[in-house]
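Structure, as structure tokens:
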Amino acid sequence: MEQEDRIALFLDYENLALGARDHRGGLAFDFKPIADALAERGRVVVRRAYADWSYFDEDRRMLTRSHVELIEIPQRMGASRKNAADIKMAVDAVELAFERDYISTFVICTGDSDFTPLVHKLRELNKRVIGVGVEKSTSALLPPACDEFLFYDRLEGVDIPPTRARRGRPARPAGVEQRPPEPEPVQEPEPQPVGEEPAAEEPVRDEDTLAVLVAQTVAGLQGSSSGEVTASRLKRTLLRKDPTFSESDYGFRTFGELLRHLAGHNVVELAEGPAKGDPEVSLPEHGDREVAFGLLHTVVLDLSRGGQPVALSGLKNQLRRARPDFSEQKLGYRSFLQFCKAAATGGLVDLRWSPEADDYLLTAQG
């Protein structure tokens, strides 16, 4: 069995939650994107959050459902409450580093530079340190001290802040028909036969959901480590994300059968792994991804013939008019923005944020 990193997670919750709300348009902090990112890096064995929880009632419920241990730091005078939380968190982290040799990685969720000495001490003790903070409220001193730093704003699954009323949005080039998004058809519920009890509602377990889940997880594992993604490692990561996951819910007898099915539909590729019966899993480098990138390039080129860049908002609908089955999630991307960023990295489009338009603008390259 592969050796997995054992992770201890410490959240300076007031710094993280208030930073997220203050700099992300008032959106509530969501712990799940952090949990998913860490599930792709190892097994989280300790989860602790420090705050005066009388100020975070709804957050407390959300964290408890995610099995985070809440460390209470009662309200005192002025800044002493913040200092008490910082000191308690630092002491607990160092104590755990000495007492639990099997913990190899410490995740410190804060943007406060006061934790830089803690990061240095943990690394001195031969521990890997990952930092997590809100981009606009993170001190410039903290990220360079860590082995890896994740900006909360950039994690997959974090909602894009609501934009203000758009100002000066570029007009569509002449000759391009501007149609409102087509409403999704509403399915009428089927009438229940007289005398029959309604069947108990079961969770949706369709193949599209499965393809999205597996593709996103493989993409996350490939991006978070240099080692190969084996079937056994993929299965453990899926179970960390959702302990109720079972291939039988999707109609497969074994996990290998599930992977062979997805490989047949070009969702993943399988290759011989380090052990018999444990193949290496990867995302297709060609095929559907190249087709999708080509589609994006063509649509952006068509819409920008007047020389104007194309706004990200509404662009996905344009792709679906050209190819109704388009889905960035089946390609391993959690959002359409992430898909466009990948296309920009490949040099197919230029992607930049425009404060005047309050939107991302795309221009076809090449």
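State whether one or more residues within the range 312-322 are modelled with pLDDT under 85 and polar (S, T, N, Q). Within the range 312-322, not a single residue is modelled with pLDDT under 85 and polar (S, T, N, Q). Could you list all residues from the range 317-339 that are open to solvent by 30 Å² or more (accessible area, probe 1.4 Å) and among the small types (Gly, Ala, Ser)? Those that are open to solvent by 30 Å² or more (accessible area, probe 1.4 Å) and among the small types (Gly, Ala, Ser): Ala322, Ser335. Checking Leu362, Leu283 one by one, the residue that is in contact with a Cys (Cβ under 9 Å, 6 or more places away or on another chain), surrounded by 15 or more Cβ atoms within 10 Å (Cβ to Cβ) and touching a residue at least 60 places away in the same chain (Cβ under 8 Å) is Leu362 and no other.
The residues of the range 29-47 that are surrounded by fewer than 21 Cβ atoms within 10 Å (Cβ to Cβ) and acidic (Asp, Glu), listed by number, are Asp30, Asp36. Contact annotation: residue pairs with Cβ atoms under 8 Å, 6 or more positions apart or on different chains, pairing a residue in the range 208-225 that is among the charged types (D, E, K, R) with a partner that is in a helix (DSSP H, G or I), are Asp208/Lys330.
Checking each residue in the range 1-28 for being in a loop (DSSP other than H, G, I, E, B), surrounded by 14 or more Cβ atoms within 10 Å (Cβ to Cβ) and more than 19 Å from the chain's Cα centre (by Cα) picks out Glu4, Asp5. Among strands (runs of 3 or more DSSP E) entirely within the range 56-142, having at least 2 residues that are open to solvent by less than 10 Å² (accessible area, probe 1.4 Å) and under 20 Å from Phe31 (Cβ atoms) singles out 105-109, 128-133.
The values are calculated or read from the model by the stated rules, or taken from the named source; none is laboratory data. Worth saying up front: this structure is predicted, and the values here are computed from it rather than measured. Neighbour counts are summed over all protein chains in view; Cβ atoms, including those assigned to glycine, are modelled from backbone coordinates with ideal geometry. SASA here: full protein model, heavy atoms, side chains in, ligands and nucleic acids out. Shrake-Rupley method; radii C 1.70, N 1.55, O 1.52, S 1.80 Å.
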